[in-house]
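Quick note: the coordinates plus some simple rules give every number you see, no bench work behind them. Values in this document were obtained by computation on a predicted structure and should not be read as measured data. Here the Cβ positions follow ideal geometry from the backbone for every residue, glycine too, while neighbour counts run over all protein chains shown.
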Amino acid sequence: MKILFLANRVPYPPYRGDKLKIFNLAKRLCKQHELHLIAFAQNADDWTYKSELEKTFTKVTFIGLAKWQSALNCIGGIFDNSPFQVHYFRSRAMRNAVMKITKQEQFDAIHVQHLRMAQYLAQEQGIPRILDLPDAFSLYWQRKQATTKNILLRFFERLEQKRVFKYEQILRSYQLSLVCSAEDQQYLQEQHQLSNISLLPNGVDTSLFVAGHHDYAHNHTLLFTGNMDYGPNIDAVQYFVSDIFPQILKVFPSVKFIIAGQRPVAKVLALATENIKVTGFIKDLSVQYNTASVVVAPLRFGAGTQNKVLEAMAMGVPVVCSNIGFKGLGITSGAGAIMQTDANLFAQSIIELLSSATMRQQVGEQGAQIIRSKFSWDIIAVQLESYFKQIVCRPKKAIQV
């Protein structure tokens with residue numbers, strides 16, 4: 001098949017989030033299919049990655065979108081009912097580029113990444129299209145409001161949630177929409193009465209994150225990973241440090257908490273103490289995971305599944321996480337990861353793991369097995385390929401799930 005990928009960001013380097021997903025799926029699909037890419041380039045570094053992406057995509061097109069342009073778009077969006085994130089990525093140049101390439105090339109299918117990019121191909125009825133969502137965004141904003149204390153921020157979040165909820169009707173314009181967890185799928189089906197929602201999980205490169213080398217003997221390091229300028233991650237580490245970590249220090253006073261991730265904001269840097277280390281960017285996270293006794297993911301808002309959880313499980317490292325993203329794993333608590341929503345219980349689960357090498361190994365090895373069987377990018381790429389084949393065969397109909 002000849003497939004066009006439309007991405008909101010340049011999917012390289014593939015370190016975290018939506019860049020990771022597109023890069024890994026395309027890397028596998030390109031072996032059997034001809035892939036093209038259009039993406040927004042938002043900074044000078046983005047433009048330098050074109051040659052690297054041309055190893056995977058037959059043709060790569062970047063559209064410049066400076067932050068000042070996005071800011072002006074959002075100001076104009078005050079008087080519009082579309083979500084601000086849709087305005088942020090609104091571009092006449094992108095719209096023209098999409099129209100041009102779809103007329104010049106005969107694509108069998110199009111993969112559109114993110115709700116914010118749905119605007120560019122919602123009206124294209126001649127080519128089968130998939131809209132791939134990292135999560136149910138109205139659910140994300142709904143949860144975010146519950147953790148926000150600032151009245152003005154809460155007002156904005158409530159406004160954006162309402163706008164996103166209404167905008168999610170655009171999913172009806174696509175033959176198939178994908179989410180990465182059953183929780184998000186159920187939410188969208190129930191809230192919007194949609195029948196064209198199916199699952200495509202986040203995955204792990206099991207050639208990079210390899211189980212079998214973890215030392216379960218040590219019990220002195222807790223680890224959190226992620227982009228540290230991302231709201232849910234910032235809130236998670238602040239919450240962990242204030243409500244959970246002090247309880248653990250009472251039992252294990254020498255334990256260290258490592259916050260590993262690129263672009264740590266001032267709020268995160270301020271958390272550093274003798275027992276808390278903020279590393280900044282880590283090129284090889286697999287090494288960092290192996291230093292951890294337990295990986296923690298105490299997110300209080302967000303949706304979908306969490307790469308930090310999947311990667312740690314892939315390496316056989318025990319994980320304690322919140323309900324955010326856990327349902328996307330399709331497992332029971334304790335079978336590869338432990339889920340807790342209460343701060344006291346979260347701390348207690350970590351204390352129990354730190355107290356028992358046997359428990360750490362049991363939970364870790366179960367997690368590694370789950371990843372190998374369900375969340376390898378190789379498996380997920382085959383799933384996406386099957387979805388493309390379905391919409392190409394039945395382009396006028398929604399895929400029933």
How big is the charge dipole of segment 221-374 about its Cα centre, in debye rounded to the nearest 20, if each Lys and Arg gets +1 on its Cβ and each Asp and Glu gets -1 on its Cβ?
180 debye
The chain - mean residue ellipticity at 222 nm from DSSP helices (-39,500 (n - 2.57) per run, n ≥ 4, rounded to 500):
-12500 deg cm²/dmol
Restricting to Cα pairs under 8 Å and 6 or more apart, the percent relative contact order of segment 1-88 works out to 26 percent
Just report the Cα centroid separation between segment 238-269 and segment 47-108, whole Å.
38 Å
Would you calculate the separation in nanometres between label points at Ala122 and Gln369, each defined as 7 Å from the Cα along the Cα-to-beta-carbon direction?
4.6 nm
Loop-located trypsin sites (Lys or Arg not before Pro) in segment 10-111, at most 10 other Cβ atoms within 10 Å (DSSP):
Lys31, Lys55
In degrees, nearest ten, helix 137-147 long axis to first principal axis of the chain (Cα)
40 degrees
When we measure straight from the Cα of Lys144, which lysines land under 17 angstrom away, once same-chain ones fewer than 8 places off are left out?
Lys162
Once amide H atoms are placed 1.01 Å from N in the peptide plane, what residues at a sequence separation of 5 or more from Thr221, or on another chain, have their amide H within under 5 Å of its amide H?
Lys256, Ser293, Val294
When only Cα pairs under 8 Å and 6 or more residues apart are kept, what is the percent relative contact order across the chain?
16 percent
List the relative contact order of segment 277-323 as a percent without decimals, with contacts defined as Cα pairs under 8 Å and 6+ residues apart.
43 percent
May I ask you to sort Trp68, Trp47 by Cβ crowding, counting other Cβ atoms within 10 Å and putting the fewest first?
Trp68, Trp47
Does segment 221-374 come out rounded, prolate or oblate by the C-alpha gyration tensor, with a ≥ b ≥ c the root eigenvalues, rounded set by a/c under 1.5 and, if not, prolate when a/b is larger than b/c and oblate if not?
rounded
Mind ranking 115-121, 40-46, 373-379 by how tightly packed they are, going by the mean number of other C-beta atoms within 10 angstrom, highest first?
115-121, 373-379, 40-46
Where labels lie 7 Å past Cα in the beta-carbon direction, separation of Val251 and Arg154 in nm:
3.3 nm
Nearest 10, in degrees from 0 to 90: the angle of helix 182-192 to the longest Cα principal axis of the chain is 50 degrees
Through the Karplus equation 6.51 cos²θ - 1.76 cosθ + 1.60, θ set to phi - 60°, convert the phi angles of segment 247-262 into ³J(HN,Hα) values in whole Hz; use x for Gly and Pro.
5, 6, 5, 5, 9, 10, x, 9, 5, 10, 10, 9, 10, 10, x, 6
Based on the Cβ-Cβ distance from Lys31 to Asp284, what FRET efficiency comes out when R0 is 22 Å, to the nearest 0.05?
0.30
Stretched out fully, how many nm does the piece from Lys103 to Gln145 gain, at 0.36 nm a residue minus the Cα gap?
10.9 nm
Using a Förster distance of 25 angstrom, determine the FRET efficiency expected from the C-beta separation of Asp215 and Asp378, and round it to 0.05.
0.35
Rough spin-label spacing in nm, given labels placed 7 Å along Cα→Cβ, for Lys162 and Thr358
5.7 nm
With a 10 Å radius around each residue's Cβ, average the other Cβ atoms per peptide and rank 138-149, 222-233, highest first.
222-233, 138-149
Per the 1/(1 + (r/R0)^6) rule, R0 = 30 Å and r from the Cβ atoms of Val392 and Gln193, FRET efficiency to 0.05 is 0.70
Alpha carbon centroid spacing (whole Å) that separates segment 299-338 from segment 149-175
26 Å
Mind checking which lysines have their C-alpha under 22 Å from Lys374, skipping anything on the same chain fewer than 8 residues away?
Lys19, Lys21, Lys27, Lys31, Lys308, Lys327, Lys389
Give, in nm to one decimal, the length gained when the segment between Gln262 and Arg172 is fully stretched (0.36 nm per residue of separation minus the Cα-Cα distance).
28.8 nm
